[in-house]
Amino acid sequence: MSVVGHAPPPFFKRGPAPLVRLLFFVSLSLVLLVADLRFRTLEWVRLAVATAAWPLQRATGMPIDAASDFGAYLARQSTLLKESEEFHRRQLETANLLLRQRHLEQENIRLRALLDMRARQPVEGRIAEILYATRDPFSRRVIIDKGSQHGISAGQAVVDDVGVIGQVVRVFPLTSEVLLLTDKDQAIPVEVQRNGLRAILAGAGAGTMELRFQAANTEVQVGDILVTSGLDGVYLPGLPVAKVVKVDRDSTHSFARITCVPLAGVERNGLALVLSRRAAMPPQPDDLENADDPAAQGTRTKRKAR
Amino acid sequence: MQPTHSSRRILRPVSNWFILLTLFFALLLNLIPFGRLPGIPDWVALVLAFWCVHQPLKVGMAAGFVLGLAMDVADASVMGQHALAYVLLAFAAAGLSRRILWFPLAQQALHVLPMFLAMQLVMLLTRMLGGAEFPGLLWFLSSFTATLFWYPATYVLLTPQFQPEDKDVNRPI
């Protein structure tokens, strides 16, 4: 005996209808997506889950580690001998520079003192092992085995023996995430080693990079080496970054399309050096003015208001 | 419950612990760092779709959401990317469960393939809207390999339910 307008009670209780549940979970996921992509507010959740899952993650990395160890064990002796010879040759080649470096550094400090210039920051680094590349196919990141427990912080530059690899973007207690130079979100200020032309190099995906916003007649040639300019206060100046492989000067576009490939073994595993943070840059001149002279700013705005 | 609706075999009831264990094991398999190697199936999606088809009352969108969040953290991708895709996958698999189970295994796999492809398409759309790079067409290969695993996965995941009800230790043969 049902009252008009009321459905009889259901026989089986199964919670809300599937479509209602779908809408609930989809909207929850969309909220998460927006919160992470747009506002970047979910880092603490990520930190907590990643820390809890760290032993699992190391355990699952074991089969891959074992396979690569086994491959290294089977490496032929001739390959190893050749490699060792190559290292000796390179050491001798650079011995001239290495032996005199301390002397040159001392001389540099004295000369800079004479010229009354700001002393160059000494560079320190921490060796880290690249554990694996993340599975996310949409970005290019690797995980290294040093984290906040080892004094790593977000923003530090990561280099290998040839050049810059990328930058630390996320730090967990025992590991950290490095965004590679070839990622589409990564940009690095560089200068052309040959003529000092400054530019911004951005990742273009697929293992290449692009020198952006250069006029069609810009003075860049195929084979030019790009080094960091150090203007950003993150990378030390003079680190090799990339090599120009293609310059497309199409006059229909206002900018030249300049394709580069990274010099360092980006996207290859091995050891890397995490450089210590650079000392903070002096504030920009206009910031300085505002910071030092709030009264003047106040009067200026007042005058404007009048 | 039968393996397929057209089968005459009656299965033992499923154990909740076994479902949890298989989902957890799939998550572990997904954590193995293969990097950008194409064609590695998404084990969590496979096992989740399987249980949504076979046990739609026990495994559903909530499980998909939680597993998706775990995958988002493990993959270092955007929070909510896998969650959204797995929720949609679970909805489709549970909704089509009554239909899919009437078919033999090969045709079941053909039903599951478009679901996996749609799941990857959802992930692609969410990330491309966020300004990420296109991962290349080879990335879609993992849906096809996951579909190939539908046949073995069915036997592996139904093994405990295939066991006989009571063991007769004194049986002559």
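Read-outs: derived from the displayed coordinates by stated rules, not from any lab. Every value quoted in this text rests on a predicted model; they were computed, and no experiment measured them. Because the Cβ atoms are built from the backbone with ideal geometry, glycine has one as well, and the counts that use them run over all protein chains shown.
Of note:
- Peptide B:27-33 has a mean of 6 when you count, residue by residue, the C-beta atoms of other protein chains within 10 Å of its C-beta.
- Long-range amide H partners of A:A204 with built H, under 5 Å: A:M209, A:E210
- Its relative contact order, with pairs defined as Cα atoms under 8 Å and 6+ residues apart, puts chain A at 14 percent.
- Segments A:22-33, B:13-24 sorted - mean Cβ within 10 Å per residue, highest first: A:22-33, B:13-24
- Dipole magnitude of the protein assembly as shown, debye to nearest 20 (Cβ charges: Lys/Arg +1, Asp/Glu -1, about Cα centre): 1160
- Coil-residue trypsin sites (Lys or Arg not before Pro) of the range A:163-271, DSSP, other Cβ within 10 Å capped at 15: A:R194, A:R249, A:R268
- Each of the peptides B:108-115, A:52-59 was scored by the mean count of other Cβ atoms within 10 Å over its residues; in descending order, highest first, they stand as B:108-115, A:52-59.
- Test item: A:139-149 mean partner chain Cβ contacts at 10 Å: 2
- Across chain B, C-alpha contacts under 8 Å between residues 6 or more apart give a mean separation that, scaled by the residue count, equals a relative contact order of 28 percent.
- Amide H contacts of A:A242 (H built 1.01 Å from N, under 5 Å, at least 5 apart or other chain): A:L226, A:L263
- The HN-Hα couplings worked out from phi for the range A:61-66 by the Karplus form 6.51 cos²θ - 1.76 cosθ + 1.60 (θ = phi - 60°) are x, 4, x, 5, 4, 4 Hz, whole numbers, x standing for Gly and Pro.
- Farthest positive-ward along the protein assembly as shown dipole, Cα basis, beta-carbon charges - from B:A70, B:F50, A:H253: B:F50
- Kyte-Doolittle mean at least -0.5, axial Cα span of 15 Å or more - DSSP H helices of chain B: B:16-31, B:43-54, B:61-75, B:81-95, B:105-129, B:150-162
- Amide H partners (placed H, <5 Å) of A:R194, local residues excluded: A:I225
- Spin-label proximity, B:A106 to the range B:127-147 - amide N less than 19 Å from point 7 Å beyond Cα toward beta carbon: B:144-147
- Shape metrics for chain B, restricted to C-alpha atoms - Rg then Dmax, Å: 17.3, 68
- Across the range A:229-235, rounded Karplus estimates of 3J(HN,Hα) from the backbone phi angles (6.51 cos²θ - 1.76 cosθ + 1.60, θ = phi - 60°) give 8, x, 6, 7, x, 10, 8 Hz, Gly and Pro being marked x.
- Where GluC sites (Glu not before Pro) in DSSP loops with at most 15 other Cβ within 10 Å are excluded, longest remaining stretch of chain A: A:1-123
- Per-residue Karplus couplings for the range A:36-41, computed as 6.51 cos²θ - 1.76 cosθ + 1.60 with θ equal to phi - 60°, are listed in order as 7, 6, 9, 10, 6, 9 Hz, Gly and Pro entered as x.
- Peptide A:179-187 has a mean of 1 when you count, residue by residue, the C-beta atoms of other protein chains within 10 Å of its C-beta.
- Think of chain B as a dipole: +1 on every Lys or Arg Cβ, -1 on every Asp or Glu Cβ, centred on the Cα centre; then among B:P41, B:Y86, B:P160, B:P160 lies furthest on the positive end.
- Cα-only radius of gyration and Dmax that characterise chain A, units Å: 27.1, 102
- Leading residue at positive end of dipole, the protein assembly as shown (Cβ point charges), from A:V220, A:H103, B:P172: B:P172
- MRE, 222 nm, helices only [DSSP H, n ≥ 4, -39500 (n - 2.57), over chain B, to nearest 500]: -20000 deg cm²/dmol
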